[in-house]
Each structure stands twice: as C-alpha cells, then as structure tokens.
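Right, one structure below, let's go through it.
The values are calculated or read from the model by the stated rules, or taken from the named source; none is laboratory data. Bear in mind that the values here come from a model prediction, so they are computed numbers and not experimental data. Every residue, glycine as well, gets a Cβ built from its backbone with ideal geometry; the counts of neighbours run over all protein chains shown. Protein only, heavy atoms only, side chains kept; ligands, DNA and RNA dropped before computing areas. Shrake-Rupley method; radii C 1.70, N 1.55, O 1.52, S 1.80 Å.
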Amino acid sequence: MDAQRAVLHADLDAFFAAAEVRRRPELAGKPLIVGGRPGGRGVVSSASYEARRYGIRSGMPIRQAERLCPQAVFLPVDFAYYRELAAQFRAILSDLSSLVEHLSIDEACLELGPAPRWPEEPAAAGRRLRQRVRAELGLSVTVGIATNRTVAKVAADLAKPDGLRLIPPGQEATFLAPLPVDYLPGIGPNAARRLRELGVRTLGQLAQIPPYWLRVVFGRRAEEVHQRAQGIDPRPVTPEERAPKSIGHERTFHRDLSERSEIRQALRELSEKTAREMRLEGLQGQVVSVKVRFDDFTTLGRQRRLARPTIDGREIAEAAVGLAFELLDEWRRPVRLLGVRVSGLAPLAVQLALFDPRPLRALLLLRALDRLAARRDAAGASSRRPGTALGYPVGPARLLVSALERR
Amino acid sequence: MQVTCQQGELHRALAHVSRAVARKSTLPVLSNVLLSAQEGQLRLAATNLEIAIAASLPARVAEAGQLTVRADLLTEFISSLPSDEVTLRIEPGSLTLAVSCSYSKANIKGIPAEDFPTLPEIGEQTPTARIESGLLREMIGQVAFAAATDDSRPVLAGVLVEFQGSTLTMAAADGFRLSVRSAELDEPVAEDLSIIVPARALQELARSMADAEGTIDLLVTPTRSQLLARSGPVEFLSRLIDGHFPEFRQIIPKTYNTRVVVSREAFLAAARRAKIFAQSNNEVVRLQLLPGDSELDPGAVIVSAQAAEAGDNEDLLSARVEGPKAQIAFNGRYLSDVLSVMKSAEVALEMTSPNAAGVFRPVGDTTFTHVIMPMVIGNI
C-alpha cells in the first residue's frame, strides 16, 4: 500500500471576535458579538466562545442575540483589519506546505509532505502551526489531522476551541461511526432530518446501509456521501488562484425599504464600496449581480455582463439599479436586504486613448478618492459622519465626485 | 469586338484587377470585369466603389468594343488555358463574350459596359506627385497598420497623406497609437494639400504595385474626392474620406524623462514571447527600464508578461537607459506591430510616466515616429 497522506485542517477560533480581543485586551473573557449594531437588523458575523455559551451563533439576527445576551459587547465588522490578519495566517500556512487550499478567510486545509511519517511528523506540524499562530498573531487555531480532508475537518470541529486532534490511518471509520450524521460536511439540517426519518442517526449507521437507499436524500451525491461516512475521501487539496472570483457587499436595512430612491441610494453605496475594494486589490470586473431579499425572505438574484470591464462604482451601480428595479417591478414588496457583487475579475488593465483623456482622468480621480477615503479611514471612526456609509462624498471628496460626474 | 492577346499576359492582368472586384454586392455589374479593346491594347477594370484597379496589356485589336463579364468565371477559365494566343470576340449586338484558345472555347454571358461605373484616369494630366515605388510601399507598410479597423470614427480608418513642398507625410492613428512616416519627393508639389485615404485601400495599392519598379504617379482629382496612382500598365483609384484628421503633431510628446535604446530585433523577439502569456491577461506586456550604474553597465530593459492562471515570462535585454528608472505597460500587439515595421538596427523608446504616451523612434533616422498609449495596470 502507498504511504498514507496527511491532511491538516486549520480553523482560527472565533476569528473576528478573537481579532477584536487581540487589539482590545480589556474585552477578553466577555461575551463579544461582531456584526451589525445593537437594535439593528444585521446578523451575527462572529461570536466569542463566552457569547456562544448563551446560545449565540453566526448568522443569527442581532436582535435575537441581544435578547439572549443583553450584556454582550457588540462591535461592527472591520474587514480590512481581519484581512490583514488572515494574510499573516496564510503566510504561516504556506511555510508549512506548498499545497494549501483556503476554504474561507479563517479556514484552510493543507497537504503535508509526500510521505509523512505517521503519526510523529503530522502531529509535530500541527503543534508547530498552533505555536506560531499564537506567538506571531496572538490568535488560537484549532487543528485536525487525518489521512483525508473530510476526516481532518471533522476532527478539527470536535477539537474546537484551541485544540488539536489527530486521527491515525485506519481509524477513520471508527472515529466517525458514533457521530451524529450532521457532523459530516455536506449533510445539512434538511438532510439530517430526512435521514432521521429513515432511522439513520449516526455516521456508523449511514455507512452500513446500501448507498442506493441514500439516493432519495442525496440524489447523485449518494455514493460520495456514503464513502465519506466511512472515512473515505480521495479529493486532493487544490491550491486555488490567489485572485478572488468575485467581490461584493450586502446590507440588511434597519427598516424595510420601499422607496425607489432609497433603494437606488443603497445600491450606489454598495457599488462604490465594491468598486473601491476592487481597485484596492488591483482588479477590474465585468459581471454585475444583485441580490434582493424581500420582507417575506424571498431572496432573488440577477446578473448582467457589462460591455467592458470596469473599476467605476457608478457603472456598477447603474447596472445594479437596473437589475434590482426589474426584480422590484415583478415582486412589488418592501426590501429587507440588498447585495451587489462583481465577478469576471481580472487584473486591472485600462488602455489609455490618444485623443480622449477621459479614461485617464477617471482613473486618476478614482485613485484620488481612494486615497482620501483611506486617509479618512485612518483618522478613525470618529470623523465618520452619519449617513455617509458610502465611501466618499464628504468634504473635498465631494468636489472630486462632482468633477467626475461632469466628465 | 475582336481582340487577340497572350494567355499569360491576360491572366496576369486579370489577377491584378480581380482584387478590386466586389465580394458581395447587390449590383451584379460590380462582380464583373470591364473589357475594353482599343488602339492596340486591351484594358481590364474592376471596382467595388471603394477602390478600382485597371490594367492594360498589348493586343491585336481587329474590332474595338466593350463588355463586362463575371470576373471569377473569366479568371478561372483563362487560367485553365494553355500558354497560347487567346481571342475574345463579341458579335455585334450580342452580350456574350466568346473566348477561344487553341482547341478550347467558351461563351460567357455579360452585362453592357454602359452599366459599369465611369472610372477617372490619369491620362495626360500632370500628376500631383511622383514617388519611387519601393519607398511608397515602405511608407504604407509603416503607417497603414495603425489605422482603426472599425468605422466608429471614419477618419481614423484612414491614413492622412500630406503633400507639403517636397515632403510627403503619412499618418494613421486608431485612437490608441499613432504612426507617422515622412519622405522627400524629388520635386516639390505645385500646391500643398492633404487627403485621407482609407487604410485598406492604401494597403491594396501597395499590394497591386508590389512588383512595380521605377516611379509611381499620384494624382488627387481636382474635386479632391479620389486618389489615382499609376505604375506602368496598372492604374489604381481610391475614394477619399471626408473629414478632419486629428492634429497628430500635437500629440507627439516633445520631451521625455527616460529614454532607452535597445536592439530592435531583440526587443521584437522579447515582445513576441511576452505576447504568449499576455494573451490571457488583456494583452498586457510590461516594460521595466533600468538605468545602469556605470559606463560598463549602461542598463537593461525587462520585458515581461503574466497571467494569473497561465503563468509568466520575462526577457532581460541589455540597453542604454538615460534618465531615472521607469516602467510602463503596453498592449503586446501594438508593441510587436511597430517593432516589426521598423527598419533600423536599434530603436529608442522615450517616456515620461506610466500614464503617458511612449514614443518609438528608429535610431539615426528622423523620418519615422510611432506613439503608443500605455495600459494602466494595478501594480504600476
């Protein structure tokens, strides 16, 4: 038999909340909730383990979190700061292996060596990673190690927080067998409920029954799920492209929006924010999509390909408003959430023209605006005025924007 | 009409004029070639209303006359014939051309010559200018490629041809690059004038006179609506584009911060290599101009391209770099286009900033200037 692979799954513990504690140590030990503002209609992005004790989970509406734990500290999301930390986390991971697949901002899996010596080498790698993340980032990371991705991920989930769990070769099925079915990645609450109806509660039971039984629940995925439940998962770790596939922002409103003018304004703000992030990453994009959630939670999306790639928030907004209004014309309901997303991303490349100074002028203006916005961000939240969630139009930037609009 | 000529000469003349035959036209006569027999010669002409080409060949004319017949049929039949005498005959009052050669004959149905557009000829008129044919072809080759290939701004699909004293200047710009070439005429023109000739027509002119030797007569019609060119038995006509060509001299930068001199061949090879990777990244080819630190190390140019998913490449060229270190990005096609039409051993690139035009000049030759607008990329 070939040498056993070793896959390491690393997951930063309560990342956003931990990142906030890192820069404000006085928050340590307190229930901490990142995402939205109290009384608002946002959702929890991240909760510290102290907050989780009150039953608070990511994705839960802020209002519900407030009811569960009124004494919690609520903080807004600061993506720029988390991204910076995540980049350092990635750098540490890339020292450990050249085969790293980033699953999200705070989660990654990596392949250790061509023929690691089990269990000493993988265990040492896991310990080293945990030490470095603690020493260099001041954060805790949980590590799961196994012979494949699925088992490593489940091991990490069980070891949380601040733990390390290693499943030696040959023990995958035994390890998974007693666990409830929804511990397996890919089995959500709906599938778990339907499995219960079939009398299947544990992964061990799932592994026992013939795969064709599972077709009613998993369709074409039945075979795959059946294998995974036995601890078999041949998927390789595939390092993805560095460039993101899409960039976007969404926002849940304090009260549902019905006025077209308000919806247009919100989409403009989201578009500007998205465009600014694209420029920061040195990217241009060509496909604009919008997401609209109505008051009854019906969530719909539309997208459109622009004639040319863009980095301009106004062009993105124009497309987004058109798409959103199409949906509004069909549904005629108040809007709870709006999202704008740009895909078809490629490195920024603007061909300047001989007889037409506008492309260059627009580019220089956008860069000037980005610099102003960065300076304002650096000055801190105190100088942020109410009602200008939109990146720019404050003070001198307003003049530049109107100059841009006149072009 | 009755006329006799050599199969080889007739075939060559047909090949010349066929390039002006309309490919798809709603007017059937434009798919035809006009045959006119008179005074010891047979004249062939074709036009697509954009250009016209005429060619004459010596012939024994027994009876003068005219007719148009399908160019493709006649060309294909003539080319199939043996190298021998060919006789073309039209019975009075008939619209059928009888072709006979050796033991072969054919009857080709035609359209009356009166339906064919009237084409002006230089004839006995004094030409506007006279130019050596090789020089004219070189000028067209160095300029016409920079014209726009779409018609969104019609003047940019043309080449400005300027006669000023004894200087002939050609300029073309597609909106992103500008190519300018000038040459001295043997004799000054009687009156300064400038015209805009469709770039495709000029390229066709260069092709139709590809084997011409000696000089070419150029004539701008008095109404300034057509350009005629004549070289020996071949005459060429193009319509002109109406409008004002942009003030191209104003957009050629007069100063620079960094100037690099590099071997043209090495630069061209590097640009072509970079294009391989640039094609998956908006054609972006990046140039880094690095001044040297001593007489012994005059500097270098790095030509590179990268595509996130495909990979990247880099060429290091030794070069003489004056001025501060700089970088700039161009569309790789524009870069290889200009480097492949230049003739000099060394080329100079002058630039002021990554956001401003780059100027390409042959070293030791002031008759050619090429300007390319850069691409602004994220990491410059």
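Looking only at residues in region B:295-309 that are within 14 Å of another protein chain (Cβ to nearest Cβ) and either among the hydroxyl-bearing types (Ser, Thr, Tyr) or open to solvent by 80 Å² or more (accessible area, probe 1.4 Å) (or both), which one is nearest to B:VAL321 (Cα to Cα)? Among residues in region B:295-309 that are within 14 Å of another protein chain (Cβ to nearest Cβ) and either among the hydroxyl-bearing types (Ser, Thr, Tyr) or open to solvent by 80 Å² or more (accessible area, probe 1.4 Å) (or both), the one nearest to B:VAL321 (Cα to Cα) is B:SER304.
Looking across region B:246-290, the residues that are in a loop (DSSP other than H, G, I, E, B) and of a type in the set (D, E, K, R) come down to B:GLU247, B:LYS254, B:GLU283.
Name the residues in region B:165-186 that are open to solvent by 30 Å² or more (accessible area, probe 1.4 Å), in a loop (DSSP other than H, G, I, E, B) and either free of Cβ contacts under 8 Å to residues at least 24 places away in the same chain or away from chain A (no Cβ under 14 Å) (or both), would you? B:SER166, B:ASP186 - these are the residues of region B:165-186 that are open to solvent by 30 Å² or more (accessible area, probe 1.4 Å), in a loop (DSSP other than H, G, I, E, B) and either free of Cβ contacts under 8 Å to residues at least 24 places away in the same chain or away from chain A (no Cβ under 14 Å) (or both). The listed residues are B:GLU162, B:GLU138, and the only one of them that is at pLDDT 95 or above, in a strand (DSSP E or B) and either open to solvent by 40 Å² or more (accessible area, probe 1.4 Å) or of a type in the set (Asp, Glu) (or both) turns out to be B:GLU162. Can you confirm whether region B:92-100 contains a residue that is open to solvent by 70 Å² or more (accessible area, probe 1.4 Å) and touching a residue at least 60 places away in the same chain (Cβ under 8 Å)? No, that holds for no residue.
Considering region A:229-335, there are no qualifying strands (runs of 3 or more DSSP E) wholly inside with 1 or more residues that are under 30 Å from A:GLN205 (Cβ atoms), open to solvent by 30 Å² or more (accessible area, probe 1.4 Å) and not aliphatic (A, V, I, L, M). The single condition among (1) under 17 Å from B:VAL17 (Cβ atoms); (2) of a type outside the set (Phe, Trp, Tyr); (3) touching a helix residue (DSSP H, G or I) at 6+ places or on another chain (Cβ under 6 Å); (4) in a helix (DSSP H, G or I) that B:ARG207 does not meet is (3). A single entry from A:LEU345, A:LEU352 fulfils the requirement of being out of contact with any helix residue (DSSP H, G or I) (no Cβ under 6 Å at 6 or more places or on another chain) and open to solvent by less than 40 Å² (accessible area, probe 1.4 Å): A:LEU345.
Of the residues making up region B:276-290, those that are touching a Lys or Arg at 6+ places or on another chain (Cβ under 9 Å) and either more than 14 Å from chain A (Cβ to nearest Cβ) or crowded, with 22+ Cβ neighbours inside 10 Å (or both) are B:ALA278, B:VAL285, B:GLN288, B:LEU289, B:LEU290. Taking the listed residues A:LEU345, A:LEU323, the one that is touching a residue at least 24 places away in the same chain (Cβ under 8 Å), in contact with a strand residue (DSSP E or B) (Cβ under 6 Å, 6 or more places away or on another chain) and more than 14 Å from every other protein chain (Cβ to nearest Cβ) is A:LEU323, with no other qualifying. When each of B:ALA55, B:ALA71, B:ALA59 is tested for being closer than 30 Å to B:LEU185 by Cα and open to solvent by less than 20 Å² (accessible area, probe 1.4 Å), the lone residue that passes is B:ALA55. Looking only at residues of region B:210-235 that are acidic (Asp, Glu) and touching a residue at least 24 places away in the same chain (Cβ under 8 Å), we find that the one that is surrounded by the most Cβ atoms within 10 Å (Cβ to Cβ) is B:GLU235. Among the candidates B:SER238, B:SER194, the residue that is surrounded by fewer than 17 Cβ atoms within 10 Å (Cβ to Cβ), away from chain A (no Cβ under 14 Å) and assigned to a strand (DSSP E or B) is uniquely B:SER194.
Answer yes or no as to whether B:ALA37 is surrounded by fewer than 23 Cβ atoms within 10 Å (Cβ to Cβ), in contact (Cβ under 8 Å) with a residue 40 or more places away in the chain and assigned to a strand (DSSP E or B). Against the criterion (surrounded by fewer than 23 Cβ atoms within 10 Å (Cβ to Cβ), in contact (Cβ under 8 Å) with a residue 40 or more places away in the chain and assigned to a strand (DSSP E or B)), B:ALA37 does not qualify. Within region B:332-343, the set of residues being modelled with pLDDT of 95 or more and open to solvent by 20 Å² or more (accessible area, probe 1.4 Å) comprises B:ARG333, B:ASP337, B:SER340, B:VAL341. On the stretch given as region A:272-286, residues that are facing chain B (nearest Cβ under 10 Å), more than 14 Å from A:ALA368 (Cα to Cα) and either over 19 Å from the mean Cα position of the chain (by Cα) or of a type in the set (A, V, I, L, M, F, W, C) (or both) total 4. Those strands (runs of 3 or more DSSP E) of region B:310-380 in which at least 1 residues are away from every other protein chain (no Cβ under 11 Å) and more than 33 Å from the chain's Cα centre (by Cα), considering only elements entirely within it, cover B:311-318, B:320-322, B:326-331.
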